[in-house]
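Single-structure report; data block below.
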Amino acid sequence: MHILLTGAAGFIGRHVLAQLLDRGHEVRALDSLRPDVHRSGAAWTTPRGVEAWVGDMRDAAFVAKAVDGVDAVIHLAAKVGLGVDIGDMPDYASSNDVGTAELLAAMARADVSRLTLASSMVVYGEGFGRCPEHGSVRPGPRLESALAAGDFEPPCPICARPLAVGLVDEETSFDPRNAYATSKAAQEFYAANWARATGGSAAMMRYHNVYGPGMPRDTPYAGVASIFTSALRRGEAPRVFEDGRQRRDFVHVRDVAAATVRACERPVEGVRAYNVGSGTPRTVGDMAHALARALDGPAPIVTGQYRLGDVRHITADSSRLRRELGWTPAVGFADGMTELAALSGEEPARPRTALA
Ligand code: UD1
């Protein structure tokens, strides 16, 4: 197929590009090389035969040319991160939502009917928990006073009892808690509007916490695995926020890329969402210990610090992806951590090229 890949110079994009090429697809790779992610003036080299286009998704004329003649679009280009600073709201809305709206309008005009969209688990907010008395409940946002007092677990909204964690499935309603999450939820709604109006196919890939070779470091987009490896390489202890028992599903970037390529190759009927996780939640504390061991560094320090926009647990049920698209993750947690520890010193601080 001839595929337009947006965000092709990014962390996940570079792995998707490599896998698309391995599978014999023709790729038009597009990236804006945003200065907050990519070193300014850095060269972007792509493998021979790849059309590399530098431009902004909000530029309607550029996007119209970019979709011309392609069979399918994988849309990864976005401003990522936590969305902690309210001043960043306009940039999230503009980069992610206006950019996506321009893309969808251009796809409709060019009659391109297959979309694979990078979404995120953060659209679910706190997900749900199980109360011994009230059953399945949706916890509200955690209060700053509770966090400051070290009460990190979100309580039952009815009786304030502690909750057991539930795995969210794709039918769980959205509850975005920060500007990034809101912009991802809006992207999904725009894509669903487009699919209904045009008869197009849209797969929403709700990624969990992605890690692996090429992870952004020393940028606002650095995830916790990257922050911990950087600290350990400096000889410092990883600093674990809250009490370290917050849970995430750390999924390897090659597995995420494989799921994305698979969704693009097998278009869904209408709109379908897929949680993309390893299926094995871990605590942030566990990850800090695994990396400290792999890098033979100092033991993690649990700081009790917190970030207001953080949710406590993000753990999803990714069985739909396995069932419907035949995907299984290939990289286990222990192997992934070992690889990350071995690679982190060799990776560029900021990705400079499309392929390492
Ligand atoms: C991550 C992604 C987000 C994605 C989401 C999907 C990043 C930066 N964010 O969000 O784009 O949509 O997964 O599930 O990759 N922590 C520490 N010490 C630190 C930094 C963080 O303990 O120095 C803790 C945080 O408090 C949090 C956890 O690590 O509990 C994960 O944080 P982070 O890597 O920033 O990712 P998410 O917020 O889960």
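Going residue by residue through the stretch 196-217, is there one that turns out to be surrounded by 22 or more Cβ atoms within 10 Å (Cβ to Cβ), touching a Cys at 6+ places or on another chain (Cβ under 9 Å) and hydrophobic (A, V, I, L, M, F, W, C)? Looking for residues that are surrounded by 22 or more Cβ atoms within 10 Å (Cβ to Cβ), touching a Cys at 6+ places or on another chain (Cβ under 9 Å) and hydrophobic (A, V, I, L, M, F, W, C), one finds at least one in the stretch 196-217, hence yes. Applying a threshold of 8 Å to beta carbon distances and a minimum spacing of six or more residues, or different chains, the list of pairs starting in the stretch 221-247 at a residue that is closer than 25 Å to Lys79 by Cα and ending at one that is of a type in the set (Lys, Arg) and near the ligand (Cβ under 7 Å from one of its atoms) reads Val224/Arg248; Ala231/Arg239; Phe241/Arg307. Can you find a residue that is modelled with pLDDT of 95 or more, of a type in the set (A, V, I, L, M), more than 12 Å from the ligand (Cβ to nearest atom) and farther than 27 Å from Asp88 by Cα anywhere in the stretch 193-200? Yes, the stretch 193-200 contains at least one residue that is modelled with pLDDT of 95 or more, of a type in the set (A, V, I, L, M), more than 12 Å from the ligand (Cβ to nearest atom) and farther than 27 Å from Asp88 by Cα.
For the stretch 23-30, the criterion of being under 23 Å from the mean Cα position of the chain (by Cα), more than 17 Å from Ser119 (Cα to Cα) and free of Cβ contacts under 8 Å to residues at least 24 places away in the same chain is satisfied by no residue at all. Can you name the residue in the stretch 161-203 that is in contact (Cβ under 8 Å) with a residue 12 or more places away in the chain and of a type in the set (Phe, Trp, Tyr) and is also nearest to Val112 (Cα to Cα) among such residues? Top of the filtered list is Trp194. What do you reckon, is Ser226 near the ligand (Cβ under 10 Å from one of its atoms) and surrounded by 17 or more Cβ atoms within 10 Å (Cβ to Cβ)? So Ser226 fits the description; yes. Take the conditions (1) within 15 Å of the ligand (Cβ to nearest atom); (2) surrounded by 22 or more Cβ atoms within 10 Å (Cβ to Cβ); (3) within 15 Å of Lys184 (Cβ to Cβ); Leu115 misses just one of them, which is (1).
The values are calculated or read from the model by the stated rules, or taken from the named source; none is laboratory data. Computed from a predicted structure; not experimentally measured. All Cβ positions, even for glycine, are placed from backbone atoms using ideal geometry, and neighbour counts span all protein chains on display.
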